[in-house]
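What follows is one structure encoded as structure tokens, with my remarks underneath.
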Amino acid sequence: MKPFFIDGSRSYGYSLLIEEIGREGFYYPLYRTSDTYAYWKNLLKALVSSRAVTLLDSDINPSEIAGVDIASLNERVEIGRCEIETTGQLIDAVKRSTAEISIFTSGTTGQPKKIVHTVASLTRTVRTGEKYENDVWGFAYNPTHMAGLQVFFQAFENACTLVNLFGKSRSEIYEIIKSRHITHLSATPTFYRLLLPVERTCPGVVRVTLGGERSDAHLYENIQKIFPNAKVNNIYASTEAGALFASKDDCFRIPDAIRDKIKVSDSELLIHESLLGTSESMSLDGDYYHSGDLIEWVDEAQGLFRFISRKNEMINVGGYKVNPEEVETALLSIAGVRQALVYGKSNSVLGNVICADIVPDDGYELDAVGIKQALQGILQDFKIPRRIKFVETLPLTRTGKLKRV
Amino acid sequence: MEEQVLSIINDIRKSKRLNVLDALKETDNLRTDLNLTSFDLAELTVRIEDEFGVDIFEEGIVNTIGEIYGRLAK
């Protein structure tokens, strides 16, 4: 029988999973663990018994999130034995579940928000069928957040194998992809950038998905070099709404089925409440939620659009608005720049000064003056970072995105 | 201190492809003599703040090199 989950040298089969879910007779509504298999098992127990469950990061400090009763952390609740004997029965029971699943936003900006989802809202874009049953998924997201849950359900509902890559080093990732015959990968652009420069190719991977952050043409080219046989696409998902749109290049298409539930106002993407999980801390404007994502239409009639930036991330420099992601994209096009984070520092002359932290590629000697001169042909003067620091690593959020300061 | 200020100003001038200066005069005007724009002045303040912990524009406009020395000597 196929493994359900592989983590390092340990492999957990679907038969073990079914046997333990049937026998143990309890679950944890509020569970914090660094054991990813135990975490998945607990989630599935909650789902098959239609009990509420709150998903917490393994390293979360309860003071970081509001509305969590810390006294009941890792406290067992009896649910009785359940009569599940086959993988098919387990999957059906999960699909029928009415459990409420509470997750938290990653807090890229501000305090994490709690959002309540159901299996239906988390599995909107899951595809099942014979053509998916031999997929082997590299698991590169935090398991407690939206993107990780999307990958989990896509793999689980097809009884596929998940292989843990989250938090592994670059050389481990290359090794695991090869030795475990991974065919499908879904991760943030930051994850793929960590695989650069191209060390070896992974011909067994047939599908590569990027999500969670803006990516750039330079990264696409390199991803295609590492994964020469893969179709590369992008997914737009949010903690509030789950997965909504997919793309083949940098353009997203709104599916016909939800075309009337998406609006654009002042370039901002608005999402109808019927597509959302529920949350007390999420404010609606009429029936619509302001996503904070700024877009431009490529073909409005076809529902094709491109992301520009996050609304609250624009930096005001002496009255000019600078999109940090545009500057990051320009920096990443310079040879020797592996990762870049652009942010504003308050300043008495201009309000803000553009600053950049850069992680250089191994073997490159970069200097600030050279970087600025290289940018002069690409960016307007006011967008060029005035303070450039070279660093070994950049801080990431719990979901593996660049942390904005 | 004067050497550090010269080095910062030369870095800014190099980025703009202007010639590197051997020395600064106290009477040098930041805009007209040294060709610094307001973006360059903002960079200058950030760099000086990084090195000396002083925001030279905090108490108002600074026009000349001599005035920068004055703020830093306080």
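Numbers at a glance
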read-out: Breaking point among (1) out of contact with any helix residue (DSSP H, G or I) (no Cβ under 9 Å at 6 or more places or on another chain); (2) small (Gly, Ala, Ser); (3) away from chain B (no Cβ under 14 Å), for A:Ala330; value: (1)
read-out: A:Ile182 modelled with pLDDT of 95 or more, under 23 Å from A:Asp362 (Cβ atoms), more than 16 Å from the chain's Cα centre (by Cα) and not acidic (Asp, Glu); value: no
read-out: Candidate set from the range A:355-405 (those that are part of a loop (DSSP other than H, G, I, E, B) and touching an Asp or Glu at 6+ places or on another chain (Cβ under 7 Å)); member that is nearest to the other protein chains (Cβ to nearest Cβ); value: A:Arg386
read-out: Selected residue [over 26 Å from A:Ile258 (Cβ atoms), assigned by TED's automatic domain parsing to the domain that holds A:Ser49, open to solvent by 20 Å² or more (accessible area, probe 1.4 Å) and at pLDDT 95 or above] from A:Val163, A:Val136; value: A:Val136
read-out: Entirely in chain B, the helices (runs of 4 or more DSSP H) that have 1 or more residues that are buried (at least 16 other Cβ atoms within 10 Å of the Cβ) and facing chain A (nearest Cβ under 9 Å); value: B:2-15, B:38-52
read-out: Matching residues, the range A:306-316, being open to solvent by less than 20 Å² (accessible area, probe 1.4 Å) and at pLDDT 80 or above; value: A:Ile315
read-out: Top-ranked residue of the range A:88-120 - restricted to ones that are in a helix (DSSP H, G or I) and open to solvent by 20 Å² or more (accessible area, probe 1.4 Å), ranked as modelled with the lowest pLDDT; value: A:Ala120
read-out: Qualifying residue in the range A:317-324 (condition: surrounded by fewer than 19 Cβ atoms within 10 Å (Cβ to Cβ), touching a strand residue (DSSP E or B) at 6+ places or on another chain (Cβ under 7 Å), in contact (Cβ under 8 Å) with a residue 12 or more places away in the chain and assigned to a strand (DSSP E or B)); value: no
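The values are calculated or read from the model by the stated rules, or taken from the named source; none is laboratory data. Computed from a predicted model, the values in this text were never measured in an experiment. Counting neighbours? That spans all protein chains shown, and the Cβs are built from the backbone with ideal geometry, glycine included. These accessible areas exclude ligands, DNA and RNA; they are computed on the full protein's heavy atoms, side chains included. Shrake-Rupley method; radii C 1.70, N 1.55, O 1.52, S 1.80 Å.
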